[in-house]
Amino acid sequence: MHTVVERELELGLVVSPEQSVPVPARLTYRTDDPYAVHVAFHIGSDSPVDWTFARELLVEGVFRPCGDGDVRVWPVKADGRSLVCIALDSPDGRALLEAPAPAVSAWLERTLRVVPPGSEQGHLGLDKGLSDLLAMASSDDLRPGGALPSEESPEPGAQG
C-alpha cells in the first residue's frame, strides 16, 4: 500500500518582469517513488505537462538557490509575498514559475512526515524484490534442465 500526498495550487508563469499568467498545477508525492516530486501543469491542452525532479531539490530551494541544468529552485520576496521560483529548461522551451512559498512548504512538510529524509530507501521495496528474485532462483522448477551443476561436477566431455 502506497501513500500519495497531493496539493492543487495556482502557479504564476512569468512572461515578463511585470506580468505572470496563472497556471493550475498539481504537486504529487508518492511513497513508491520516495526521492521524487511530480508536478503536473494544466495549461489548457488535452493532457498536462509533467515534470519530475528530486524532492530534496524542492526542499532546499525553499530556503536557498539550488539546482543545475533542467531544474533550478530558489526563494524570493516580491510585493511582501514569499515565493518559490522554479525554472524549468527542456528542448521544448524554458519556463519560470512562481509558487506561493507557504503552500509549497506546507505540502513538503506533509511529504516529510510520510517519508522522513534518510528513510526513502526503505520505501523502494528493494528487500521484497530481492527476496522474490532469490526465491525464484532457489526453485529448480523455474530453470530449464533442472538443478544447476555443482562445482564438483565434471564438465561435459571431461574424463573423471
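The values are calculated or read from the model by the stated rules, or taken from the named source; none is laboratory data. Quantities reported herein were computed from a predicted structural model and do not represent experimental measurements. Ideal geometry is used to build each Cβ from the backbone, glycine not excepted, and the neighbour counts take in all protein chains shown. Accessible surface areas use protein heavy atoms only, side chains included; no ligands, DNA or RNA. Shrake-Rupley method; radii C 1.70, N 1.55, O 1.52, S 1.80 Å.
Of all the criteria given as (1) in contact with a helix residue (DSSP H, G or I) (Cβ under 9 Å, 6 or more places away or on another chain); (2) modelled with pLDDT of 95 or more; (3) surrounded by fewer than 14 Cβ atoms within 10 Å (Cβ to Cβ), the one not satisfied by Arg7 is (3).
Where strands (runs of 3 or more DSSP E) fall wholly inside segment 27-138, no range has 2 or more residues that are under 19 Å from the mean Cα position of the chain (by Cα) and at pLDDT below 85. Looking at the structure I just gave you, is Glu18 within 14 Å of the chain's Cα centre (by Cα), of a type outside the set (Ser, Thr, Tyr) and either at pLDDT 95 or above or under 20 Å from Ala78 (Cβ atoms) (or both)? So Glu18 does not fit the description; no. Scanning segment 79-118 for residues that are more than 16 Å from Thr52 (Cα to Cα), polar (S, T, N, Q) and without any contact (Cβ under 8 Å) to a residue 40 or more places away in the chain yields a single hit, Ser82.
Scan segment 26-59 for residues that are open to solvent by 70 Å² or more (accessible area, probe 1.4 Å) and either under 17 Å from Gly12 (Cβ atoms) or in contact with a Cys (Cβ under 7 Å, 6 or more places away or on another chain) (or both) and the total you get is 3.
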